[in-house]
Amino acid sequence: MKTKIYILIFSGLCLWSCQKIETVSLCRLNKFITEYPASNLIHHDLISIKNNRIEKIYSYDLKNGTDTTARQRIIYVIDALGKISQIRDESSLTRIILFNFVYNSKGNVDKVIQLTNNLQTNEILLEYDEKNRPTGAISLNLVGLNRSIEYDAKGNPYRITRADFGSSATVNEHTFDDKRNFFEGIPDIGLYWLLRPLYNFIPFGSNNIIGTRFYTIQSLEFKEVPDIRTIRETTYNEQGFPVGMNIVLENQGRAVSSKSRFEYKCE
């Protein structure tokens with residue numbers, strides 16, 4: 001009798017534990033389209049995945065059938081150890097940029113050698129925090145990037161400071177939703193974002209930006225620029241990934257500055 005009771009209890013516990021297991025789909029962004037009503041452009045990005053790794057990013061203007069000024073032809077090179085050894089930027093065929101990566105003992109890229117048309121033009125140092133999250137990219141060139149990233153309690157990059165040499169420093173302060181970052185399935189894209197940021201989207205962190213405040217240096221201190229504060233109107237699919245996003249200028253009659261839609265391959 002006791003044996004039967006134990007079996008029933010064990011079966012019940014197994015059933016309860018099985019019900020508690022939640023299957024989370026792995027979804028990888030494979031394309032997104034952004035329409036800019038003011039400039040009459042429709043920017044189309046295709047992200048190619050091979051063997052579950054990002055292979056290339058390709059973009060063009062859907063509406064006019066020509067390349068946009070922000071077009072991308074980005075190719076990832078994976079070495080025999082499965083690490084990204086190089087990113088090729090062929091966005092301009094007359095100015096091909098190579099980013100060659102040097103790894104440290106923790107497996108992080110801590111140095112990037114940049115070549116333009118096969119001539120070294122820059123050396124970039126990357127910094128990380130105790131959780132191995134990227135916190136900065138500093139160029140050793142007189143004209144190059146200089147950026148820092150600060151994270152909030154949820155691990156999202158809420159403050160991005162850009163002080164690229166040759167340009168005025170700016171700060172973007174972001175707020176986030178509680179949904180899944182649409183770059184979640186392709187973390188390798190973050191390495192490229194550190195070097196050449198992808199528009200208004202950030203692949204680091206668990207969630208998506210829903211609002212941004214902009215700061216510039218005014219009278220020797222950072223002050224907010226309210227005219228370009230933005231909010232984002234976002235819709236999501238059943239897996240919790242964004243499928244549509246309108247970026248709206250909050251203080252200018254809620255004029256839509258861009259409309260994006262996203263498509264995924266889930267497994």
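The values are calculated or read from the model by the stated rules, or taken from the named source; none is laboratory data. These numbers were taken from a predicted model, which means no experiment stands behind them. Using ideal geometry, Cβ is built from the backbone for each residue, glycine included, and neighbour counts are taken over all protein chains shown.
Some points to look at:
- Sole exception among (1) of a type outside the set (Gly, Ala, Ser); (2) within 19 Å of Thr34 (Cβ to Cβ); (3) in contact with a strand residue (DSSP E or B) (Cβ under 7 Å, 6 or more places away or on another chain) for Pro203, by number: (3)
- Where strands (runs of 3 or more DSSP E) fall entirely within the range 222-267, those with at least 2 residues that are aliphatic (A, V, I, L, M) are at 242-249, 255-266.
- Ser168 vs. criteria surrounded by fewer than 19 Cβ atoms within 10 Å (Cβ to Cβ), of a type outside the set (A, V, I, L, M, F, W, C) and farther than 19 Å from Phe204 by Cα: yes
- Leading residue by the ranking (nearest to the chain's Cα centre (by Cα)) among those in the range 147-169 that are part of a loop (DSSP other than H, G, I, E, B) and of a type in the set (Gly, Ala, Ser): Gly155
- Annotation: of all residues in the range 233-267 being exposed (fewer than 15 other Cβ atoms within 10 Å of the Cβ) and of a type in the set (Val, Ile, Thr), the one that is farthest from Phe183 (Cα to Cα) is Val256.
- Positions within the range 206-221 being exposed (fewer than 15 other Cβ atoms within 10 Å of the Cβ) and either of a type outside the set (Ser, Thr, Tyr) or touching a residue at least 40 places away in the same chain (Cβ under 8 Å) (or both), in sequence order: Ser206, Thr216, Ile217, Gln218, Leu220, Glu221
- Here the condition is being surrounded by fewer than 17 Cβ atoms within 10 Å (Cβ to Cβ), closer than 17 Å to Ile47 by Cβ and not polar (S, T, N, Q); of Pro187, Pro203, it holds for Pro187 alone.
- When the residues of the range 170-216 are filtered to those that are among the aromatic types (Phe, Trp, Tyr) and more than 13 Å from the chain's Cα centre (by Cα), the one that is farthest from Arg232 (Cα to Cα) is Tyr215.
- Given (1) at pLDDT below 95; (2) in contact with a Lys or Arg (Cβ under 7 Å, 6 or more places away or on another chain); (3) surrounded by 15 or more Cβ atoms within 10 Å (Cβ to Cβ), number of the condition Tyr151 does not satisfy: (1)
- Of the set (1) in contact (Cβ under 8 Å) with a residue 12 or more places away in the chain; (2) closer than 24 Å to Ile57 by Cβ; (3) part of a strand (DSSP E or B), all apply to Val102 but (1).
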